[in-house]
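Student: Handing you a structure now.
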Amino acid sequence: MKITDITLESYEWPRPKPIRNGMFVYYNVRLDIVTVHTDEGLKGVGVGSGAPGWDAVIESLKPGVVGQDPINVERIWHQLWVPKLTGRRGYETRVISAIDIAIWDLIGKITNQPVYKLLGGFADRIDVYIAGGYYEEGKGLAELAEEMESNLELGARAVKMKIGGESMSVDVERVKTAREAIGPDVKLMVDANNAYRHHEAIAIAKRIEEYDIFWFEEPCGADDYDGHARVVAATSIPISTGENEYTRYGFRDLIQHRAASILQPDANIMGGVTEFRKVADLAAAHDLAVSPHGSQDVHIHLVTGIPTGLILEYYRDTVDPMWDTKFKETLRLDSDGMLAPPERPGFGFGPNYEALERHRIA
Ligand SMILES: [Mg+2]
């Protein structure tokens, strides 16, 4: 079998209300679908959070992919990566990620296996946390508590909330409110999205330690490995990071700086499944846990396939009005807050092109 083409479709739709974290406001949801075509009719689908210009990057990368046997995914990754003189982290790596994810979906379809089994099939199910707790206009402590309680009604046994977007006192009060809303037995994570200087992160960590925080995510700037390490050394709360990191080399640097106890690679960003595997192995060699960032439909396979998987990040309808319609299959939590990877070949989610069509932008 040979790869014959790579195509891109881009979609974007508004959220009913913008959501804000410690650094950014998000108005729209964007979905980029990269499809890898073959001479035998099978297609692999990769998803990513793209940006204008992805089509040009895909055109430039095509010669390294077209004509290849999709099973040779390491060879293809190497051919995409090595000739690159620019964009070793960032934009181009995100495009490589989407292509690589599509190729793994294709390999699953060729072999009639779900991706988690191709990776080693370590776990049949995994713990899940619902990510949310954003800042929104008109959302006070009562509304935050309501959101957290409604997460529990969905079956959640772990929840995450944003910090770093208000004064420290307000955020400490928000964390206290969330802990009281979910009770003592549900895991609570906080995520600052790079908002703090290390001394600020240490200060708030000290103030929220009493609320039994499962992890403190991205306390400092993504490139501030030393700042992260100082926070790690100063608090009993485990520090997690990695959603803005690229390739095995970025995770090697995080590990060498002792910048985190929990690594959060995002296969859509850091280099795809092929590179994610290498980060999982790096984590295993250092006894670190892996909890992938975002894209639950891809990462359910990755976090269960590997032996270092800790817990899956899960987004619900509150952050995406097309949560239940953009793919043909929607992952829903089990009553005990866990999820099993789909047994369908590949990643097992098909884009719902009919529903997406009216949001198409390219
Ligand atoms: Mg995060």
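The values are calculated or read from the model by the stated rules, or taken from the named source; none is laboratory data. The structure presented is a predicted model; accordingly, all values stated were derived computationally and were not measured. Don't worry about glycine lacking a Cβ; one is built from the backbone with ideal geometry, like all the others, and counts go over all protein chains shown. Note: accessible area is taken over every heavy atom of the protein model, side chains too, but ligands, DNA and RNA are not part of it. Shrake-Rupley method; radii C 1.70, N 1.55, O 1.52, S 1.80 Å.
Student: Between V65, V25, V82, which gets the highest mean-square fluctuation from a Gaussian network model of the chain, Cα cutoff 10 Å?
Tutor: Between V65, V25, V82, it is V82 that shows the largest mean-square fluctuation.
Student: Then there's this: Please sort 171-182, 138-149 by packing, taking for each peptide the average over its residues of neighbouring beta carbons within 10 angstrom, highest first. Mind dumping the intermediate values first?
Tutor: Values: 171-182: 19.8, 138-149: 15.0.
By packing density, highest mean first, the sequence is 171-182, 138-149.
Student: Could you tell me the relative contact order of the stretch 9-116? Use alpha-carbon pairs under 8 Å, at least six residues apart, and round to a whole percent.
Tutor: Details: 131 pairs, mean separation 30.2, N = 108.
Contact order relative to length: 28 percent.
Student: Looking at the stretch 1-74, which trypsin sites (Lys or Arg not before Pro) are in a loop (DSSP not H, G, I, E or B) and have at most 14 other Cβ atoms within 10 Å? Can you show the working numbers first?
Tutor: Values: sites: K2, R20, R30, K43; in loops: K2.
Taking the stretch 1-74 and a limit of 14 other Cβ atoms within 10 Å, the loop trypsin sites (Lys or Arg not before Pro) found are K2.
Student: Could I ask something else about it? For a bin width of 10 Å, list the pair-distance distribution of the stretch 233-362 built from all Cα-Cα distances, rounded to whole %.
Tutor: Answer for the stretch 233-362: a P(r) of 12, 38, 32, 15, 3, 0 percent.
Student: Taking square-rooted eigenvalues a ≥ b ≥ c of the alpha carbon gyration tensor, is the stretch 172-312 rounded, prolate or oblate, where a/c under 1.5 means rounded and, failing that, a/b exceeding b/c means prolate?
Tutor: The shape class here is oblate.
Student: Only four residue types carry charge here, +1 at the Cβ of Lys and Arg and -1 at the Cβ of Asp and Glu. Report the dipole size of the chain about the Cα centre in Debye, rounded to the nearest 20. Write down the numbers at each step before the final one.
Tutor: On the way: 39 positive and 55 negative charges, 138 e Å.
In debye, rounded to 20, the chain gives about 660.
Student: Carbon-plus-sulfur fraction of the accessible area of the chain, 1.4 Å probe, in percent? Please report the intermediate quantities before stating the final value.
Tutor: Numbers: 7300 of 14660 Å².
The computed percentage sits at 50.
Student: Also, quick follow-up: Mind checking the angle between helix 198-208 and the chain's longest principal axis? C-alpha axes, 0 to 90 degrees, to the nearest 10.
Tutor: Between the helix axis and the principal axis of the chain, the angle is about 60 degrees.
Student: If you build the convex hull over the alpha carbons only and average its shadow over all orientations, what do you get for the stretch 116-190? Give it in nm² to one decimal.
Tutor: Working: hull surface 25.3 nm².
Directional mean of the projected Cα hull area for the stretch 116-190 stands at 6.3 nm².
Student: Return the Rg/Rh value of the stretch 287-349, two decimal places, where both radii are evaluated on C-alpha atoms and Rh is the Kirkwood radius. Can you show the working numbers first?
Tutor: Values: Rg = 12.0 Å, Rh = 12.5 Å.
Rounded to two decimals, Rg over Rh is 0.96.
Student: Further question on the same structure: Can you work out the accessible area per residue across the stretch 102-150, with the rest of the protein chains kept in place, probe 1.4 Å, in square angstrom? Present the calculation step by step, with values, prior to reporting the outcome.
Tutor: On the way: 2020 Å² over 49 residues.
On a per-residue basis, the stretch 102-150 sits at 41 Å².
Student: Any idea what the relative contact order of the stretch 121-206 is, in percent, if you count C-alpha pairs under 8 Å spaced at least 6 apart?
Tutor: 32 percent
Student: On average over all directions, what projected area in square nanometres does the stretch 78-121 have, based on the convex hull of its Cα atoms? The partial results should precede the final answer.
Tutor: On the way: hull surface 14.3 nm².
Projected area, direction-averaged: 3.6 nm².
Student: Whole number please: convex hull volume per residue of the Cα set in the chain, in Å³? Write out the running numbers ahead of the final one.
Tutor: Details: hull volume 45.1 nm³, N = 362.
Per residue, the Cα convex hull of the chain comes to 125 Å³.
Student: Right, here's the next one. Kirkwood hydrodynamic radius, computed over distinct alpha-carbon pairs, for the stretch 23-96: how many Å, to one decimal?
Tutor: On the way: mean 1/r = 0.0724 Å⁻¹.
After inverting the mean inverse Cα-Cα distance, the result is 13.8 Å.
Student: Quote to one decimal, in nm, the extra length available between A203 and F24 on full extension: 0.36 nm per residue of separation minus the C-alpha distance between them. Let's see the in-between values first.
Tutor: On the way: separation 179, 0.36 × 179 = 64.44 nm, distance 2.20 nm.
62.2 nm is the gain from fully extending A203 to F24.
Student: Taking one equal scatterer on every alpha-carbon of the stretch 54-172, how large is log10 of I(q)/I(0) by Debye at q = 0.09 1/Å?
Tutor: For the stretch 54-172 at q = 0.09 Å⁻¹, log10 I(q)/I(0) is -0.49.
Student: Along the three principal axes, how long is the stretch 181-256 when you take its alpha carbons, biggest first, rounded to the nearest angstrom?
Tutor: The Cα atoms of the stretch 181-256 stretch 39, 23, 19 Å along the principal axes, largest first.
Student: Under a plain spin-label model, where a point goes 7 Å from the Cα along Cα-to-Cβ, how far apart in nm are H78 and E166?
Tutor: For the pair H78/E166, the computed spacing is 5.3 nm.
Student: What is the helix-to-structure angle for 91-111, meaning the angle in degrees between its Cα long axis and the longest Cα principal axis of the chain, kept from 0 to 90 and rounded to the nearest 10?
Tutor: Helix 91-111 sits roughly 70 degrees off the main axis of the chain.
Student: Relative contact order for the chain: what is it in percent, counting Cα pairs under 8 Å that are at least 6 residues apart? Write out the running numbers ahead of the final one.
Tutor: Values: 787 pairs, mean separation 75.8, N = 362.
For the chain, the relative contact order is 21 percent.
Student: Another question about this same structure. Under the rule of -39500 (n - 2.57) per DSSP H run of 4 or more residues, summed and divided by the residues of the chain, what mean residue ellipticity at 222 nm is obtained, to the nearest 500 deg cm²/dmol?
Tutor: -11000 deg cm²/dmol
Student: Then there is this: Give the accessible surface of the stretch 218-288 per residue, rounded to a whole number of Å², with probe radius 1.4 Å and ligands, DNA and RNA excluded.
Tutor: 34 Å²
Student: At R0 = 25 Å, how high is the FRET efficiency between E40 and A355 if r is their beta carbon distance? Nearest 0.05 is fine.
Tutor: 0.35
Student: Taking a spot 7 Å from the Cα of T7 along the direction of its beta carbon, which residues of the stretch 19-51 have an amide N less than 12 Å from it?
Tutor: Zone members listed by number: 34-38, 43-44.
Student: Can you give the extra length, in nm with one decimal, that the chain gains between D223 and E329 once fully stretched, where that is 0.36 nm per residue apart less the Cα-Cα distance? Before the final figure, lay out each step's value.
Tutor: Numbers: separation 106, 0.36 × 106 = 38.16 nm, distance 3.65 nm.
Answer, rounded to one decimal: 34.5 nm.
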